[in-house]
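The values are calculated or read from the model by the stated rules, or taken from the named source; none is laboratory data. Computed from a predicted model, the values in this text were never measured in an experiment. Here the Cβ is made from the backbone with ideal geometry for all residues, glycine too, and neighbour counts use every protein chain on show. Accessible surface areas use protein heavy atoms only, side chains included; no ligands, DNA or RNA. Shrake-Rupley method; radii C 1.70, N 1.55, O 1.52, S 1.80 Å.
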Amino acid sequence: MMDSNNAIEVRNVSKHFKVYYDKGSQLKERVLFRKRNAYEDRVVLDNISFSIKKGEAVGLVGKNGCGKSTTLKLLTKIIYPNSGTIEMAGRVSSLIELGAGFHPDMSGRENIYTNAAIFGLTKKEIDARLDDIIAFSELEQFIDNPVRTYSSGMYMRLAFSVAINVNADILLIDEILAVGDANFQAKCFNKLREIKSEGTTIVIVSHSLGQIEQICDRSIWIKNGKIQMEGAPKDVHLEYLDYMNTERMEMAEKERARQEAEEQANPEKADEKEAAKKKKRYGSMDCMFTEINILDANGNLQKTFRTGEEMILDLHYECKKKVTDAVFGFGIFRSDGLWCYGTNTRIDHKDNFDIERDGSYRVDLKELMLIPAEYWVDVTIEYGEGNPVDYYKEALRFEVVSKVSDVGVLRIPHEWTLNI
Amino acid sequence: MLKEFKEIYAYRQMIFSLVKKDLRGRYKGSVLGFMWTFVNPLLQLCVYTLVFSIIMRQDIERYYLFLFVALIPWMFFSAALTSGSISILNQKDMVKKIYFPREVMPIADTTSNFVNMLFCFIVIFAVLLFSGWGISLYACLALPVIMVVEYIICLGIALLTSALTVYFRDLQYILGIVAMAWQYVTPVMYSSERVPEELLPLWNLNPMTPVIEAYRSVLYYKTFPELNTLLSAFILGVIVLVLGIFVFNRLEKGFAEEF
C-alpha cells in the first residue's frame, strides 16, 4: 500500500527497450525475414526505487541517455515498466510535449478547450480556468486567431499556460523552461514556485542544474539506469558535475590519442600542420622549439586540468647559432584572446644566460588558479629586450574544468566570514 | 475495470471535442462543407434508384428503399471497421507524447461515425415521407434500441481492430476487403429469406444480420422488430464489446513503444 504522505512511489522498476536492427511490421516481413527481427534488449532502467512526498519538488539529473526521461515517461504512463510498480496519488499534468494535440486551423481559444480536455478536464472546469489561461499566455489579442498564425513562441506560451493551469496534484516537467523570452521564463518560474507553495508535487528533468536548484528540494542523479545519488540539489550536483568533468577529461584524452595516431598514419597531413604552425612562429630561429608538452604533477601528458591543480610546461629546443642574453618566456591566453598571464626569466630575475647547445626548460605552475575555459599557451625564446628568436604563438592548448561555478578570470583564494 | 470506466468518463470532454473536430473537419475545404453529410447519402440514393428501377430490376417492391434503409446503418458499421482500426495509429503523435486513456480514440471515432449516421437518418426519414412510403411511429420506438446495439458492436470491433493494427499494420488493408466481403454475407442487398436454410445457423452468428434486419423491419416493413432478433443482436454485441475491451487492455500498454 502507498504511504499517504507520498505522491509518487516507484518500486523496483526496470525498463528494457527492444532495439530492432531492422524491424518489419508487415506480415510478409514478419514471416519471410525472421532473422531480421533480431533485436538487442537495452536496459534503460535497472531496478530503481524512490518515493516523492506530497508537495515535494524533485529534480532528475543525469547525462544524455541515462534514463531520466524514460523515468518521466513512466510516471506519465505513456510507457509501462517491464517489472516493478509505480503508484501516483492525484491528477497528473505533464509539461513533456507542449502543444501535442493542437490543431493549427482552430483558434487559440478552441485549442485551449481541446488541449485542456486532453488533460482530463471537463468543459465546466475549463470554463472556470479560461480567463486565467488566456491572461497567463499574454495572447489576449490573438486568442481568436487560428493557431497556425502564431509564432513558435506564442504557440509554446499558449501550450504552457494550458498545462500549468490544469491544477494538477502532480506536475511532470521535461526541459520546458526554454519557453518564450526572458520575461516569460521568469513568469513561468514564479508560477512554478506558486504552484509548489500550494502543495503540488513537482518532478523536473533538466540539464540546467541551476533551474533545479532554484525550485527543487531534492535531486536524484540517475546513472546508467540506476540511482547514483540523491539528496540536496547542491550536494548531488557537485558530485554529478565532478563525474561529468572526469568523463570529459577522459574523452579529451582519447581525442588527443586519436589525433596523434592520425598524424602518424598520415605524415603528409602532419607536414601540412607543421606548415600551418610555422605561420604562428616568428623570430630569427637561431634557436627553435622542438618539443613542447604540458604535463601534470606526475609528469604525464595532460590537456585537461582542474582549477588549482599543478601544471608543468616542458619545453625542448635545438640550438643552431649561439644566442646571447637569452630570455625564456610564456603567456597564457583564454580562447577568446584574453591575456590571462605572462612572464619570463628576465621579469623573474633569473640570471642572464647564453644558449650555446640544445637544451630544455620547465615551468612548474604550482597552482593553476584559472577558472574553467579553454586556454592557449605562447612560448618564447628571445634575446635582449624582447627580440624574438622563436616566438611560438598558440603552441599548446589546454582546458580547465571545475565543479565550482565561480566566474571571472582567476580563482582568487578566499574565505568568507559571515556575521549575520 | 470500474476505475477505467471512471477515467474514461472523466475524459468525456476530450471525446466530445474529438468528435466535434472530426465531424467539422470531415468535409473541410469543400464548397458544400458540412452539407455533404446530407448530400452524400442523397446522391447515393439517386444512383441506386436509377440502377435498380431501370437497369437491374428487382422483384422487391421499391427496392431502392429496401436497400437504402439497410445501407445507411451498414455504412456506419463499415466505417467503424475501417476508420476505427486506424484510430490509434492516426493519433500516434499524441499517443507517444501524452497520457490519456487510450480507449478515448476508438470511442471518439466510433461516436463520430455514429453521429454521422444519425444525420443520414434525417435523409432517410425525409425520403420515406416524401416518397409516400410513410413511417410507423410505433415501430420507430425500437430504433434507439437498435442503434445502441449497433453502436456496441461497432465500438467492440473498433477497440479490437485499433489495438491489433498498432502491432500489425497490414490489418488496416485486410479490413478494407473484409468490410466488402462482410457486406455480402449480411442481408444488406438481399432479404435473408434468400439464404439457404442449412446455412442459417452460421448466418445468425454474424452480429450485423439481426441488426440490419431490425432496421429494415422498422423502416421498410414498418413493423416492430421481433424481440428475439433484437435480443440476439444485443447478446452478440455485448460479446464483441467484452472481447474488444479485453484485447485492448492487454495491448494498450505497449502502444507508445510501437511507433
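From the largest down, the protein assembly as shown spans 125, 66, 49 angstrom on the principal axes of its Cα atoms. Rolling a 1.4 Å probe over the protein heavy atoms gives chain A an accessible area of 53 Å² per residue. From its DSSP helices (H runs of at least four residues, each -39,500 (n - 2.57)), chain B gives a residue-normalised ellipticity at 222 nm of -23000 deg cm²/dmol.
Angle of helix A:267-279 to the longest C-alpha principal axis of chain A, folded into 0 to 90 degrees and rounded to 10: 70°. Sequence-distant contacts, meaning Cα pairs under 8 Å at least 6 residues apart, place the relative contact order of chain B at 26 percent. When each of the peptides B:166-177, A:109-120 is scored by the mean number of other C-beta atoms lying within 10 Å of its residues, the order from highest to lowest reads A:109-120, B:166-177. In this structure, the pairs whose alpha-carbon distance is over 28 Å, taken from A:LYS223/B:LYS92; A:LYS73/A:LYS303; A:LYS54/B:LYS92; A:LYS280/A:LYS303, are A:LYS223/B:LYS92; A:LYS73/A:LYS303; A:LYS54/B:LYS92.
Per atom type, the protein assembly as shown shows carbon and sulfur on 55% of its accessible surface, probed at 1.4 Å.
Can you show me the helix-derived [θ] at 222 nm for chain A, built from DSSP H runs with n ≥ 4 at -39,500 (n - 2.57) apiece and divided by the number of residues, rounded to the nearest 500.
Computed mean residue ellipticity for chain A: -9500 deg cm²/dmol.
Identify the GluC sites (Glu not before Pro) of the range A:111-165 meeting these criteria: DSSP loop state and at most 16 other C-beta atoms within 10 Å of the C-beta. Don't skip to the answer; put the middle values down first.
Values: sites: A:GLU125, A:GLU138, A:GLU140; in loops: A:GLU138.
For GluC sites (Glu not before Pro) across the range A:111-165 that sit outside H, G, I, E and B with at most 16 neighbouring Cβ atoms in 10 Å, the list reads A:GLU138.
Per residue, the accessible area of the range B:166-259 comes to 54 Å² when a 1.4 Å probe rolls over the protein heavy atoms. Based on every Cα atom in the range A:6-239, Rg and the maximum pairwise Cα distance Dmax equal 19.7, 59 Å. Helix B:12-25 and the longest principal axis of the Cα set of chain B meet at an angle near 60°. Leaving ligands and nucleic acids aside, the B/A contact buries around 2400 square angstrom of accessible area in total at a 1.4 Å probe radius.
Other chains' Cβ within 10 Å of A:73-80 residues: what's the mean?
Mean shielding count: 5.
Expressed as a fraction of 2.2 N^0.38 Å, the C-alpha radius of gyration for the range B:1-46 is 1.72.
Other chains' Cβ within 10 Å of B:8-19 residues: what's the mean?
On the way: counts 0, 1, 4, 6, 4, 13, 11, 1, 5, 13, 4, 0.
So the per-residue partner count for this stretch is 5.
Listed by chain and number, the lysines placed with their C-alpha closer than 19 angstrom to that of B:LYS6 are A:LYS77, A:LYS123, A:LYS124, B:LYS253; residues fewer than eight positions away on the same chain are left out. As a length-normalised measure over Cα pairs under 8 Å and 6 or more apart, the relative contact order of the range A:6-239 settles at 28 percent.
Using Cα pairs under 8 angstrom and six or more residues apart, how large is the relative contact order of chain A, in percent? Intermediate values should be presented prior to the final figure.
On the way: 779 pairs, mean separation 56.8, N = 420.
It rounds to 14 percent for chain A.
Shape index of the range B:56-193: Rg/Rh, with Rg the Cα radius of gyration and Rh the Kirkwood radius from the inverse mean 1/r over Cα pairs, equals 1.05.
Going from the chain on its own to the full set of protein chains, the range A:87-106 has these residues losing 10 Å² or more of accessible surface (heavy atoms, 1.4 Å probe, no ligands, DNA or RNA): A:SER94, A:GLU97, A:ALA100, A:GLY101, A:HIS103, A:ASP105, A:MET106.
Stokes-Einstein diffusion coefficient for the range B:2-258 at 10 °C in a medium of 1.306 mPa s, Rh from the Kirkwood formula over Cα pairs: what value in µm²/s? List each step's numbers first, then the result.
On the way: Rh = 19.3 Å.
Estimated via Stokes-Einstein, D reaches 82 µm²/s.
Here the scattering of the range A:279-401 is modelled by Debye summation over its C-alpha atoms, one equal scatterer each and no solvent; at q = 0.18, 0.19, 0.20 Å⁻¹ the log10 of I(q)/I(0) is -0.94, -1.04, -1.13. Note on the range B:193-234: along the principal axes its Cα atoms extend 28, 22, 14 Å, ordered by decreasing extent. Remark: mean inter-chain Cβ contacts per residue of A:110-119 equal 5, using a 10 Å Cβ-Cβ cutoff to other protein chain atoms. Report Rg/Rh for the range B:127-259, rounded to two decimals, where Rg is the Cα radius of gyration and Rh the Kirkwood radius. Taking Rg over the Kirkwood Rh, I get 1.05. Compared with its chain on its own, the range B:69-110 contains the following residues whose accessible area drops by 10 Å² or more in the full protein assembly (probe 1.4 Å; ligands, DNA and RNA excluded): B:MET94, B:LYS96, B:LYS97, B:ILE98, B:TYR99, B:ARG102. Each listed q (0.27, 0.28 Å⁻¹) maps to a log10 I(q)/I(0) for the range A:172-245, found by the Debye formula over equal Cα scatterers with no solvent: -1.33, -1.38. Descending by average beta-carbon neighbour count within 10 Å, the peptides A:56-64, B:9-17 line up as A:56-64, B:9-17, the highest first.
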